[in-house]
1. At a Förster distance of 45 Å, what's the computed FRET efficiency of THR188 paired with ALA74, Cβ-Cβ distance as r, to 0.05?
2. Calculate, in whole percent, how much of the Cα-Cα pair population of region 98-192 lies beyond 21 Å.
3. Treating only the Cβ of Lys, Arg, Asp and Glu as charged (+1, +1, -1, -1), what charge dipole size does region 22-172 show about its Cα centre? Round to the nearest 20 debye.
4. Write out the GluC sites (Glu not before Pro) in region 7-115 meeting two conditions: DSSP loop, and at most 13 other Cβ atoms within 10 Å of their Cβ.
5. Compute a Gaussian network model of the chain, connecting alpha carbons closer than 10 Å, and tell me which residue from GLY164, GLY135, GLY86 fluctuates the most.
6. Please sort through the DSSP H helices of the chain and keep those with an alpha-carbon extent of at least 18 Å along the long axis and a Kyte-Doolittle average not below -0.5.
7. As a check on your grasp of the helix formula, calculate [θ] at 222 nm for the chain: sum -39500 (n - 2.57) over DSSP H runs of n ≥ 4, divide by the residue count, round to the nearest 500.
8. Sort LEU23, LEU76 by Cβ crowding within 10 Å, fewest neighbours at the top.
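Nothing in this text is a laboratory measurement; each read-out follows from the coordinates by a stated rule. Since the structure is predicted, the reported quantities are computational estimates derived from the model, not experimental observations. Ideal geometry is used to build each Cβ from the backbone, glycine not excepted, and the neighbour counts take in all protein chains shown.
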Amino acid sequence: MPEPNRAVMDFLLTRRSRPAKLLRPPVPDAAALRPILTAAARVPDHGKLEPWRFIVLERPALQRLAAAARQLGARLALAPEQIDKGVAQFADADLAVAVVMVPRPTEKVPEIEQVLSAGAACLSLLNAALASGWGACWLTGWHVHDAGFCREALGLAPGERVAGLIHIGTAEQTPPERPRPDIDAITTWLGQ
């Protein structure tokens, strides 16, 4: 019979993201962020390709990105409230980590497995931040789905894309629990 790690299971069964708009300073410094990033990099990675990388976005960079998002939103003629929401994601943040999906050309590992590995890095980063006592939230948005914005504002290479922006900070409060999936409704058991 396996020996369960109850502390880890309790964490996973009760983990709760903190909305980015509720995160405030202090934020982890480089020394506190390094083990979180290290944990995030310990994800399934078929072929050991490391099809992801991290960009740590500190306050000055986030302010620059907010201005770039505002310009992009205007250029795309988005609704003002849509622009404001995208801008606030950067302007109101004190620290975020962009998880960048870096596709590796290989015949051995399909791109979907590399995309899923980048998603796993996002979730591992989020959970490592939460397990370290920080508040954290995984977001994306219209701006990070724009290749030009990613190239110009984040310095992404052709083919790279943002898998997620993980906001990390001090949570002012714990949000109320939300409904969770009905496991019986989403699970099929095949015995044969």
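1. 0.40
2. Considering region 98-192, 52 percent of its Cα-Cα pairs are separated by more than 21 Å.
3. The calculated dipole for region 22-172 is roughly 180 debye.
4. GLU107
5. Result for the chain, Cα springs under 10 Å: GLY86 fluctuates most.
6. Helices meeting the span and hydropathy rule in the chain are 59-75, 111-131.
7. The helix contribution divided over the chain gives -13000 deg cm²/dmol.
8. LEU76, LEU23
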